[in-house]
Structures are given as C-alpha cells and as structure tokens.
Amino acid sequence: MGGEEERSSSDLTVGLLLAISSTVFIGSSGIVKKKALIKIHAYATRAGDGGHAYLKEWLWWAGFALLATGEFLNFIAYAFAPALLVTPLGALSVLVTAVLSHNFLKENLNLLGKVGCMQCIFGSTIMVLHAPAEKGANTLAELSILLQESVFVTYIVGLLIVVIVLIYVVSPTYGHKNILVYLSICSLVGSLSVLACKGFGIAVKEYSKGTNTFLFPITWFLLTSLVICILMSMHYLNKALDTFNAAVIAPIHYVFFTTCVVTASGILFKEWASMSMQDSLSTLAGFGVIFMGIYLLHTFKDANISMDAVTLMSPKTKAEDMSLLNSHSEVVSMDSDTESTGHMKSTSERVRFL
C-alpha cells in the first residue's frame with residue numbers, strides 16, 4: 001500500500017514537472033518565431049502580408065521545434081498526472097510569453113492588459129475545470145458514427161462558413177486592424193486539428209493491435225484533415241504574430257483555442273449532456289470572465305496606462321492638484337485685476353490729457 005502511494009506520488013511529481021516544462025517550451029516558441037518574422041522584414045514579404053519566407057529561416061523552425069517539444073511533453077504529462085492538474089497549467093505559457101516578450105522583444109503590456117491577461121487565465125481555468133469529462137471513442141467504427149451525427153455535422157458546416165467569411169470577407173479589410181480576426185481563424189481551424197489528431201491516434205492504436213486501418217478511407221480523411229488544419233492554423237498564427245504584440249496574442253490565442261477545442265470535443269462526443277447545473281453555470285461564469293479580459297486586452301492594447309498614472313489619480317494627489325489649480329486661479333485673478341486697474345488708470349490719464 002505504501003509502495004503504491006509512493007509510486008503515485010512520484011508519478012504526480014513527474015507529471016507536474018513535464019507540464020510546467022511544456023509551458024516554458026510553448027511560451028518561448030512564440031517569441032523565437034516572432035524574432036524570425038522580424039528578421040525577414042529586411043529582405044522578404046512579411047508574413048502579415050501573405051509571405052512565406054519564414055519557412056526558409058532556421059530561427060522560425062527552431063521556434064516550431066520548441067512548440068512541438070512543448071506539446072509532446074504536455075501530452076506525456078497526461079499519462080502521469082490527472083487532466084484536472086495538467087490542463088490549467090497550460091495557462092502558464094501565457095505568462096512565459098509575456099515575460100520573454102518584455103525582455104527580448106521590448107513589448108510591454110499596460111496595466112489593463114495585465115489585468116485582462118490574468119482574467120483570461122482565470123476564466124479559461126474555470127472553464128477547463130468545469131468542462132465535461134472526455135469520453136472519446138475506442139474504435140474508428142465508433143468515431144465514424146459520431147462524425148455523422150446531425151448535431152456535429154451542423155456544427156462543422158457552421159464553423160466552415162464562419163471561417164470562409166473571416167478569410168475572404170473580414171480578413172482583407174480588418175485583419176491588420178483587429179487582432180481577433182486572425183486568431184479566430186487560427187483557433188477555429190486548430191480545434192478541428194485536435195479532433196483529427198485524436199481520430200488518427202485511434203487509427204494508429206488499432207493498427208498496432210493488428211487491424212490495417214490504413215485501408216479505411218476515414219484514416220486518410222483524418223490524416224489529410226490534420227495536415228490541412230495544422231498548415232492553415234500555423235499560417236494565420238504567423239500573420240497575427242507578425243502584425244500584433246506577442247504579449248497580447250498569447251492570452252487571446254490560448255483562450256480562443258481552448259474554448260474552441262472544448263466546444264468541438266463536447267459536441268462530437270456528446271459530453272455536454274453529462275454536465276450538471278453547477279458546471280454549466282461555472283462554465284458560463286468563466287466565459288464571462290474571459291470576455292471581460294479580452295475586452296480589456298483588445299480595447300486598451302495601445303493605451304499608455306501604468307501604475308504611475310493610477311497613482312496620479314489618488315485622492316491626495318487630486319487635493320494637491322485642486323490646491324494648485326486654485327492658486328493658479330488666484331494668480332490669474334490678481335493679474336486680471338492688475339490689468340483692469342492699469343487699464344482704468346490709463347483711461348483716466350487720457351481723459352485728463354484731453
């Protein structure tokens with residue numbers, strides 16, 4: 001009994017270390033890729049303008065390798081620690097990105113941006129902790145049936161319509177102005193890549209047990225969808241990184257991506273039906289906190305707001321400012337009286353002269 005407790009305790013420690021390490025890799029990957037995107041500005045078309053010169057830059061591939069390593073470590077962490085602990089730790093990557101962007105990219109979050117960042121992390125953590133338990137599918141046959149459910153098909157059709165409108169209607173006009181456009185495309189498409197990855201994982205698992213799943217059309221459909229979704233998601237994330245502040249992108253992308261994945265997975269595997277009223281209300285509350293955080297991040301991202309500015313609004317300072325204003329008013333009043341008296345004297349002198 002004691003040996004079992006010791007083993008589970010050591011597994012938990014390993015899982016937490018893997019999860020924390022993955023956040024460092026994932027958080028730093030965005031900074032490295034951003035450095036690469038800045039580097040190519042001097043000799044090639046920017047990624048924000050549709051260029052792909054970053055694919056020839058080794059620094060960008062180094063950032064991609066960091067991201068892949070972080071995701072791999074995070075995947076392994078689930079084998080050692082419960083998802084209840086591993087998933088919320090993913091929010092730490094946002095803080096890693098914020099710190100590194102300040103030190104290496106000279107990008108700063110203003111005071112309201114920091115508050116919004118923390119709200120996004122807290123809100124997404126609430127949503128993840130109260131998300132429905134993942135059920136999944138054990139075989140490709142089960143997955144095939146789930147993929148053909150009318151609710152999921154309707155969701156996919158609606159999602160694709162939204163993505164097409166964002167790409168061809170909204171993006172050309174507002175993509176360079178509104179940070180939510182590129183990140184919405186990236187997150188919506190990215191959530192499909194997660195589902196495709198889960199499905200392809202089932203195919204590989206069945207193949208390892210002796211079933212040649214690569215003879216099934218659904219296996220190639222899942223693999224093709226996975227590649228396309230990853231490429232599209234990567235493309236629009238690079239456009240966002242090349243256009244906007246990495247410290248602002250990190251929390252919004254984390255929230256959007258997490259929300260889209262939880263939503264798509266819940267619809268596909270019918271996980272929402274098992275949610276209690278408490279979990280449902282907590283999820284809505286978490287979404288509300290996220291909405292306020294994103295509002296602060298997006299609306300005030302260019303404002304110069306710091307703690308010094310807040311200090312200037314303290315009651316003591318206000319009193320000093322009013323006192324100074326009153327003193328200034330008295331001086332102006334005295335000057336006005338002096339000018340008025342001088343004007344009266346000069347007028348009297350003119351009258352006497354006449």
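The values are calculated or read from the model by the stated rules, or taken from the named source; none is laboratory data. Since the model is a prediction, treat every value here as computed from it, not as a measurement. No Cβ is skipped: glycine too gets one built from the backbone with ideal geometry, and neighbour counts run over all protein chains shown.
Some values worked out for this structure:
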| read-out | value |
| --- | --- |
| Residue match in the stretch 143-156 (condition: assigned to a helix (DSSP H, G or I), touching a residue at least 40 places away in the same chain (Cβ under 8 Å) and more than 13 Å from I267 (Cβ to Cβ)) | yes |
| Some residue of the stretch 196-210 being closer than 17 Å to T258 by Cα and under 19 Å from the mean Cα position of the chain (by Cα) | no |
| Selection count, the stretch 237-291, where residues are assigned to a loop (DSSP other than H, G, I, E, B), hydrophobic (A, V, I, L, M, F, W, C) and surrounded by fewer than 17 Cβ atoms within 10 Å (Cβ to Cβ) | 0 |
| Which numbered condition V181 fails, given (1) over 21 Å from V255 (Cα atoms); (2) among the hydrophobic types (A, V, I, L, M, F, W, C); (3) free of Cβ contacts under 8 Å to residues at least 40 places away in the same chain | (1) |
| Test: residue in the stretch 203-219 that is outside any helix (DSSP H, G or I), of a type in the set (F, W, Y) and modelled with pLDDT of 90 or more | yes |
| The listed residue being polar (S, T, N, Q) and at pLDDT 90 or above, out of S171, S101 | S171 |
| Any chance V169 is under 27 Å from F216 (Cα atoms), β-branched (V, I, T) and exposed (fewer than 14 other Cβ atoms within 10 Å of the Cβ) | no |
| Filtered residues of the stretch 37-54 (kept if without any contact (Cβ under 8 Å) to a residue 60 or more places away in the chain and either crowded, with 23+ Cβ neighbours inside 10 Å or aromatic (F, W, Y) (or both)) | Y43 |
| Candidates T125, T97 - the one that is of a type in the set (S, T, N, Q), touching a Pro at 6+ places or on another chain (Cβ under 7 Å) and crowded, with 17+ Cβ neighbours inside 10 Å | T125 |
| Residue within the stretch 52-71 that is among the charged types (D, E, K, R), out of contact with any Gly (no Cβ under 9 Å at 6 or more places or on another chain), closer than 20 Å to D242 by Cβ and at pLDDT 80 or above present | yes |
| Qualifying residue in the stretch 215-227 (condition: crowded, with 19+ Cβ neighbours inside 10 Å and under 16 Å from the mean Cα position of the chain (by Cα)) | no |
| Single unsatisfied condition, V189 versus (1) over 21 Å from the mean Cα position of the chain (by Cα); (2) of a type in the set (V, I, T); (3) farther than 18 Å from E142 by Cβ | (1) |
